[in-house]
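Student: This is the structure I want to talk about, given as structure tokens.
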Amino acid sequence: MAAMPWTKEEDIALCESWVEALSHHTSGRRSSGPFRRSIRQHFQAYTGHNNRTVDSLSSRFRTIRLDCERFETIHTIVEIEGGDLGEDETLFK
């Protein structure tokens, strides 16, 4: 069975859930079972459904985080080069 595609709303709910869980997480590792389950509980509260597993939430958040890091790198390059990409729009592909 193919995985269900993520919606923009789910991405936002996942990020908000991660921040919410982090704000209440005072000890232990962020990769721990209790922390990850807390993210899922918040996600379910935000979305009103439970069709995502703890592992799928972790995987999706990793993808979002890596995309944000890539954007930050591109932004830094543009800032260093004076705010102009010129012809090099391939950075965004």
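Student: What is the extension gain from residue 51 to residue 32, computed as 0.36 nm multiplied by their sequence separation minus the C-alpha to C-alpha distance, in nm to one decimal?
Tutor: Gain on extension, residue 51 to residue 32, equals 4.8 nm.
Student: Could you work out how far apart the two model spin labels at residue 59 and residue 16 are, taking each label as a point 7 Å from the Cα in the direction of the beta carbon, and quote it in nm?
Tutor: Result: 2.5 nm between the two label points.
Student: Kindly put 25, 75 in sequence by how many other C-beta atoms sit within 10 Å of each C-beta, fewest to most.
Tutor: 75, 25
Student: Moving on to the next point. Stretch residue 8-residue 76 to full length: gain in nm at 0.36 nm per residue minus the Cα-Cα span? Show your work: numbers first, answer last.
Tutor: On the way: separation 68, 0.36 × 68 = 24.48 nm, distance 2.54 nm.
Contour length minus Cα-Cα distance gives 21.9 nm.
Coordinate-derived values only; no laboratory data. Just so it is clear, the structure is predicted and the values come from calculations on it, not from any experiment. Here the Cβ is made from the backbone with ideal geometry for all residues, glycine too, and neighbour counts use every protein chain on show.
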